[in-house]
Amino acid sequence: MKKEKSKRRRRRTRSRGRRSTGHKLSRHAVTQKRSKLKNLPTSIRTARVRGLNAISRVRRGDSKTFSHAARLEGTSVTTARRLLPAAFLHLGPGKRIRVKASDPYSARVEIVTDLGPLEVSARGSRERELAGRHRAAVFHVLRGHQPASILKEFRGKKVGGHKLASDIDRISAIAHGGGLDQLDSLYVSPETRG
């Protein structure tokens, strides 16, 4: 009897001291995280979008270093590292700061769906990259630079829970109706959201 109690007590104390490293955030915690982003000042949200643009430049290969990409986007390395720490890999003091292959940050993006342009929240760098590739493909097809067959790659794909448009006839109808005229950039500017 005494042995059983001591075993239970040891198990309880052991489990209290442990931290769960692979634990996913609860739905409530994720909602709180998103609402905090909405409450940030416009200047910080703008700096965050610039940082995401700079990270995207490095991943595409447009800039060799992050500091160069940050200068081109009008932000600093320090600001981007402070606002988006999970996107960077720092190998030590005096070493080059590297951009990771993916990151968990959500961002508001404009995508083209069968119903027209739509503002959604892309969750993570993979969805942001998919939205950017789709947007580029749509504009290349509409301008006649690429065949419509390149849109097959996006059939059934979703960004922010919404299916991307892959039917060229539907996309052409949206474009002729003036629905794609106001699409300037992938990321939604904080100034336009209010």
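The values are calculated or read from the model by the stated rules, or taken from the named source; none is laboratory data. Bear in mind the structure is a predicted one, so any value in this text is a computation, not a measurement. Because the Cβ atoms are built from the backbone with ideal geometry, glycine has one as well, and the counts that use them run over all protein chains shown.
Screening the candidates 58, 138 for the property of being under 30 Å from residue 174 (Cα atoms) and surrounded by 14 or more Cβ atoms within 10 Å (Cβ to Cβ) yields one hit, 138. Within segment 157-170, the set of residues being within 13 Å of residue 131 (Cα to Cα) and part of a loop (DSSP other than H, G, I, E, B) comprises 157, 160, 161, 164, 165, 166.
Beta carbons closer than 7 Å, at least 6 apart along the sequence or on distinct chains, pair a first residue in segment 116-131 that is surrounded by 20 or more Cβ atoms within 10 Å (Cβ to Cβ) with a second that is of a type in the set (Asp, Glu) for 125/103. Restricting attention to segment 101-115 and to residues that are more than 25 Å from residue 179 (Cβ to Cβ) and without any contact (Cβ under 8 Å) to a residue 40 or more places away in the chain, the residue that is surrounded by the fewest Cβ atoms within 10 Å (Cβ to Cβ) turns out to be 104. Taking segment 62-81 as the range and being of a type in the set (Lys, Arg) and free of Cβ contacts under 8 Å to residues at least 12 places away in the same chain as the test, the residues that pass are 64, 71.
Listed conditions (1) in the same structural domain as residue 41 (by TED's automatic domain parsing); (2) modelled with pLDDT under 95; (3) out of contact with any helix residue (DSSP H, G or I) (no Cβ under 8 Å at 6 or more places or on another chain) are all met by residue 77, apart from (3). Yes or no: residue 58 touching a strand residue (DSSP E or B) at 6+ places or on another chain (Cβ under 6 Å) and either at pLDDT 95 or above or on the phi > 0 side of the Ramachandran plot (or both)? In short, yes.
Could you list all residues from segment 55-80 that are over 17 Å from residue 103 (Cβ atoms) and of a type in the set (Val, Ile, Thr)? Result: 65, 78.
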